[in-house]
Amino acid sequence: MRQGSHSPIGVFDSGVGGLTVLKALLARLPHESTVYLGDTARVPYGTKSGDVVTRYSLKNAEFLLERGIKLLVVACNTASAVALPALEAALPVPVVGVILPGARAALARTRGGGVGVIGTPGTIRSGAYQRALEAADPRVRAKARACPLLVPLAEEGWTTGDVPLLVARDYLAEFTREGVDTLVLGCTHYPLLKGVIAEVVGPQVALVDSAEATADAVAALLTERGGLAPASPGAPSHAYYVTDVPERFMEVGARFLGRPIETAEQVDLTF
């Protein structure tokens, strides 16, 4: 299918977390149509091997290409960490991950070079954020910590109160002791817990939301290539697909997206 400026932006994630990236895209680029795929049958990606995540990511991309996308956003930190080279080699459209934009935003914010990264075990184990930060500026001291319990808290709506606060304090204590002045939220679930995280690390630590940084990167790339959708009288379209039953995705996803998801179609991406 031929792509043009009116073609949609494709976005995939292992589940609902990538909807925070989609939310940032819709705010930054309100005239763009989008197609979102949540691989809810195979969530989470963060505990799987790099080879498996890459295989899933290529299948997700193939599905979105069939829907005529003009650009692919990998709205999953784990997939961005391990599958981006394979996706860039295989796809005929530009591919934007969430790690490099997040790292660049952190470098712009840090005052003394102490940058922390929190994410899933898979993202932290890959070292992708640490490599991106330290390659761009060797003076940066990147410290990383996996925070797996923050994901179920976000999905269950436990984003305020004593429970998430206690969990966040346990995970983040080392950052407050080690001179970190900028903290990258390296998982798409974590923006829902931004208030709790900010309370724990204090006002002296800048929080970097990789979703917002990714939306800025997409806008810049489309502008550079002349691919922005023009303003038109008709509203842009937004389609949602999932690989498991859609009811929970629609319910939980509305919190992540900040608006109702009226319908989502279940699809089969088995190999």
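The values are calculated or read from the model by the stated rules, or taken from the named source; none is laboratory data. Quick caveat: nothing in here was measured; it's all calculated off a predicted structure. All Cβ positions, even for glycine, are placed from backbone atoms using ideal geometry, and neighbour counts span all protein chains on display. In case anyone asks, the SASA skips ligands and DNA or RNA and just uses the protein heavy atoms, side chains included. Shrake-Rupley method; radii C 1.70, N 1.55, O 1.52, S 1.80 Å.
When a 1.4 Å probe is rolled over the protein heavy atoms, the share of accessible surface on the range 1-93 that falls to carbon and sulfur comes to 53 percent. For the range 3-56, the calculated P(r), taken from all Cα-Cα distances in 5 Å bins from zero up to the bin holding the longest distance, is 5, 18, 24, 20, 15, 11, 7, 1 percent. A 1.4 Å probe, protein heavy atoms only, puts the accessible area of THR40 near 30 Å². With a Cα cut-off of under 19 Å and a minimum spacing of 8 residues unless on different chains, the lysine pairs in the chain number 5. When the Cα convex hull of the chain is projected onto planes of every orientation, the mean area is 13.8 nm².
In the range 1-40, Cα pairs under 8 Å separated by at least six residues give a relative contact order of 57 percent. Nearest 10 degrees, 0 to 90: what angle lies between the long axis of helix 99-109 and the longest principal axis of the chain (Cα atoms)? So the inclination is approximately 50 degrees.
Using a probe of 1.4 angstrom and keeping all protein chains present, the accessible surface of the range 100-210 works out to 44 square angstrom per residue. Heavy atoms of the protein chains alone define the surface here; on that basis the range 1-87 has 33 Å² accessible area per residue at 1.4 Å probe size. Carbon-plus-sulfur accessible fraction, the range 100-210 (probe radius 1.4 Å, protein heavy atoms only): 54%.
Using a Förster distance of 22 angstrom, determine the FRET efficiency expected from the C-beta separation of ALA220 and ALA89, and round it to 0.05. Could you put the intermediate results ahead of the total?
Values: r = 22 Å, r/R0 = 1.02.
The value I calculate is 0.45.
For the range 22-50 versus the range 116-187, the spacing of their alpha-carbon centroids is 20 Å.
Label-to-label distance, SER237 versus LYS194, with points set 7 angstrom from Cα along the beta-carbon direction: 3.1 nm. Cβ-Cβ distance of ASP162 and ARG28, R₀ of 35 Å, FRET efficiency by 1/(1 + (r/R0)^6): the value works out to about 0.50.
In the chain, taking the dipole from charged Cβ atoms about the Cα centre, the farthest positive-side position among PHE249, GLY38, THR110 is held by THR110. Rounded to the nearest 0.05, the FRET efficiency derived from the C-beta distance between ALA173 and ALA135 at R0 = 30 Å is 0.60. Each Cα pair under 8 Å and six or more residues apart adds its sequence gap; the mean of these over the residue count of the range 1-131 is a relative contact order of 28 percent.
Relative contact order of the chain, taken over Cα pairs closer than 8 Å and 6 or more residues apart, is 27 percent.
Evaluated on the range 99-249, the Kirkwood hydrodynamic radius is 16.9 Å, with distances taken between all distinct Cα atoms.
Build a GNM of the chain with springs between Cα atoms under 10 Å: which of GLU32, GLU247, GLU212 gets the top mean-square fluctuation? Most flexible of the set in this elastic network: GLU247.
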